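Q: My questions all concern the structure below.
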Amino acid sequence: MHAGIGDAVRRKEDLRLVTGHGCYSDDFNFPGQAYAAMVRSPHAHARIRSIDVTAARAMPGVLAVLTGQDALADGLTRIPHLAAPGTAPDIVLKNRDGSPVPAAPHHVLPTDRVRHVGQAVAFVIAETIAQAKDAAEKVVVDYEPLPAVTQGSASAESNAPRLYDDLPNIMIDAEVGDKAATDAAFARAAHVTKLDTWVNRVTGVPMEPRSAVGIYDTASGRYTLYAGSGGIVRQKKEIAQILGVPFDSVRVVAKEIGGNFGTKNSFFPEFAMVVWGAKRVGRPVKWTAERHEAFVTDYMGRDLTVSAELALDADGHFLALRTSNLSNVGAHSGSYVPLVKGVGLATAGYRIPTAHIRACAVLTNTMCTTPYRSAGRPEVIYVIERLIDKAAAEHGFDRVSLRRRNLIPPSAFPYKNPQGVTYDNGTYRAVMDRAMELGDWRGFKKRRAEAKKRERLRGIGLCCYLETTGGYPRERADITVQPQGRVDVVVGTLSSGQSHETTFAQCVAEWLGVPFDDVHVNESDTDIVKEGGGSHSARSMRLAGIVMGQASDAIIDKGKKIAAHMLETAEDDIAFAAGRFTVKGTDRSVGIFDLARAAADGDKSVPEDLRGPLAATADETIKQLGFPYGAHVCEVEIDPQTGALELIRYTAVDDVGRAVNPMVVHGQTHGGAAQGIGQALWELCAYDAQGQLLSASFMDYAMPRADILPSFTTDISEVLTPTNKLGVRGAGEGGTTGALGAVVNAVVDALAEFGVTHIEMPVTSERIWRAINDSLSPRAGRGSG
């Protein structure tokens, strides 16, 4: 079967998955395995006075009950989260007072106090899961409850409860941009629009909750972890560091991931516990989260408090952006990436001459926030797109013309934004126009009038987004052409639905001229995968494409040398095309698999130094950003009597650079849009003032469902980026990035006749109803709903 770059070929993975032959984390089971259960804190903040495990250890079937003191005695160290305040080429946040940016520690099991509801304080291992759960109930923990703080803005106050005795609550307090120039621009501005908002906290809710099996081999002293994540090499490095063992003493295996969206990228305490516990009890140890555990202990996302202002001249040209972004990172420093990425992209795809951004990260008694699909970018794109709509309404501009006037034109690239980030290229206005065309923007007035006859409010919203992709910069590919007629590709990414088995095979099949079905991709075992950064920040195709391309080129170069000897000609006379090495101007040739067989068998025509596997490795560190962009159009209809909202139409046009498989790109856009729409309309991780999570089940955490979403209209723009051979920008996150602004702008447009200028997410029916009824109250003022 031929399937090369640009073909919408069906996924290799699907037959295995839809017929039940996939292997998810909970599918791993081993002879003699024991089962684990956690003892979790009911308090958001409390000192641990003591933990009595005597009764639990005496329960039937119990093999071990481990606490933070045991972990300390065995030398387990804190989890080495990637909590740098930015690395080049992203911006780097530096505290205004010159102090280093600290990282609040995250231990496998705490010894001093708990800092969020659900934090594990003891780890019970038993013969069966039922016995482990029964024993967990017998663990007696003496807590001293302490005051808790859950809101980021409250935690930044001087009198807020401190989470750590030796650390402030404010981890980062930085400034980016030119304050003096920004203040001067605002002083001469004809118009200023302000927006105060909170971007709601959400979580990934993967279909399969976390699950892990740990094994310790006494003979080799080797630990093996079977668990889904965002990258097996990263997990291997982190386990080795936590346990204090050599890197090669750890193996990590992950097959199907069961959903990720960034939620599973960072290291979880339970992963260290199962391998540590396996050594303690001398048996494999398995743990699987129940859904309520997942809700309280999965890493969460977003939670950004923003106060932003946009300055415009009399003609509607943007002059400056001034914003304060406060990120609630939770109880531990899991990651500062969302804050860093958002600050770097705050001015989006618009020509804004100057900007000043105050960037803060604060601790609270909540679960950590880490990168969640398109980390940091949906938040700031939402803010700038809401500011533009708000400015248009307040100062008499057309919202579309305002965007068109200020979007960066193709002639301005490469374009350096006021924060110091340089964009590659793009046709931002053309993509916006295409989205409006597909969304039938011109026909909206007629549809609104028709809806009004049915006593419905109709609104349409537009969002122009810009992404920045980056992530872990190192990637490796090992490609081997096997004599029996297959090509093995080993790469350090890890698919959690991105279709690597298909899209990577398409690339290698085209470059090496072999059948698509003969290319096999392996990403799942660190005994085979030596290096790589996993999948996040839309890095996989961009970086894997670079190293796979280099390895393919090296194989072809080596093949030409071998072919020259086999065909008795000069190397310069050898051409390669369609999987064959040919003497130029003749019909004499040899196929790539036959050549691989000759080299492997030590054929006498092949010099000794060229014998052996026809294989190549490429290992590169690529510190370069990618910039996907696009535009989304959303149309909603609202019942003013109840506030009930129906999503009528949704259109997205995304420029991903080269679309290696258009079908896969469309699928990524659909999934990403569903997640973004879900955040805009329904999803919320809701904590009360005491730090109790009120949304810890599907009864309380509302998810987008197929029956409440319309059929999406999507299109792909392919302006190739000059930053890599394939021209790929990245396709995994744009659907989410554009959704928040498009949806909320549509809702505010529908409510404009009631004087509503903003409404907070999630835009529930209750919020809409209150906004309408507040506007009808004699004392009501215009503003947020």
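Q: Subtract the Cα-Cα distance of A88 and E766 from 0.36 nm times their separation in residues, and report this length gain in nm to one decimal.
A: 239.7 nm
Q: Answer with one residue from A570, P80, A156: the one whose Cα lies farthest towards the positive end of the charge dipole of the chain, charges on Cβ with Lys, Arg +1 and Asp, Glu -1.
A: A156
Q: What's the FRET efficiency of D517 with D572 using the Cβ-Cβ distance as r and R₀ = 30 Å, to the nearest 0.05?
A: About 0.35, to the nearest 0.05.
Q: Counting only protein heavy atoms, what percent of the accessible surface of the chain is carbon or sulfur at a 1.4 Å probe?
A: Reported share for carbon and sulfur atoms: 50 percent.
Q: Tell me which label goes with the value of percent of Cα pairs over 42 Å apart computed from the coordinates here: (i) 58; (ii) 34; (iii) 27.
A: (ii)
Q: Could you state the accessible area per residue of the stretch 24-134 in Å², with a 1.4 Å probe and every protein chain left in place?
A: 43 Å²
Q: Tell me, in nm to one decimal, what length is gained between T19 and T621 on full extension, where the rule is 0.36 nm per residue of separation less the Cα-Cα distance?
A: 212.9 nm
Q: Placing unit charges on C-beta atoms (Lys and Arg positive, Asp and Glu negative, everything else neutral), compute the dipole magnitude of the stretch 513-665 about its Cα centre in debye, rounded to 20.
A: 400 debye
Q: Another one. Solvent-accessible area per residue for the stretch 663-711 at a 1.4 Å probe radius, Å²?
A: Ligands and nucleic acids excluded, the result is 44 Å² per residue.
Q: Might you tell me the accessible area per residue for the stretch 262-376, computed with a 1.4 Å probe and given in Å²?
A: In whole numbers, the stretch 262-376 has 18 Å² accessible per residue.
Q: Using mean Cβ contacts within 10 Å as the protection proxy, how do 40-53, 276-289 order, highest first?
A: 276-289, 40-53
Q: If you don't mind, another one. For the pair L72/T54, report the inter-label distance in nm, with labels modelled 7 Å from Cα in the Cβ direction.
A: Modelled inter-label distance: 2.1 nm.
Q: Would you list, by chain and number, the aspartates and glutamates whose Cα falls below 17 Å from the Cα of K604, excluding same-chain residues fewer than 8 positions away?
A: Hits, sequence-local ones excluded: E568, D594.
Q: Please list, in order, the residues from the stretch 194-229 whose amide nitrogen is less than 20 Å from a point placed 7 Å along the Cα→Cβ vector of F698.
A: Counting only backbone N, you get 202-211.
Q: Okay, moving on. Take peptides 26-38, 302-314 and line them up by average Cβ neighbours within 10 Å, highest first, as a rough protection proxy.
A: 302-314, 26-38
Q: Can you tell me the order of 152-158, 89-95 when each peptide is scored by its average per-residue count of other Cβ atoms within 10 angstrom, highest first?
A: By packing density, highest mean first, the sequence is 89-95, 152-158.
Q: I need the helices of the chain that pass two filters: whole DSSP H segments spanning 24 Å or more by Cα along the axis, and mean Kyte-Doolittle score no lower than 0.0.
A: Length and hydropathy pass: 540-566, 662-681.
Q: Evaluate the distance, in nm, between pseudo-label points positioned 7 Å from the Cα of D557 and of H191 along their respective Cα→Cβ axes.
A: Calculated label separation equals 5.7 nm.
Q: Given Cβ point charges of +1 (Lys, Arg) and -1 (Asp, Glu) and nothing else, what value in debye, to the nearest 20, does the dipole of the chain about its Cα centre take?
A: 1180 debye
Q: Note down the net charge around E13, summing +1 for each Lys or Arg and -1 for each Asp or Glu among other residues with Cβ under 9 Å from its Cβ.
A: Neighbour charge sum, excluding E13 itself: 0.
The values are calculated or read from the model by the stated rules, or taken from the named source; none is laboratory data. The structure presented is a predicted model; accordingly, all values stated were derived computationally and were not measured. Please note: Cβ atoms are built from the backbone with ideal geometry, for glycine as well, and neighbour counts cover all protein chains shown. What goes into the accessible areas is simple: the full protein's heavy atoms, side chains included, and nothing from ligands, DNA or RNA. Shrake-Rupley method; radii C 1.70, N 1.55, O 1.52, S 1.80 Å.
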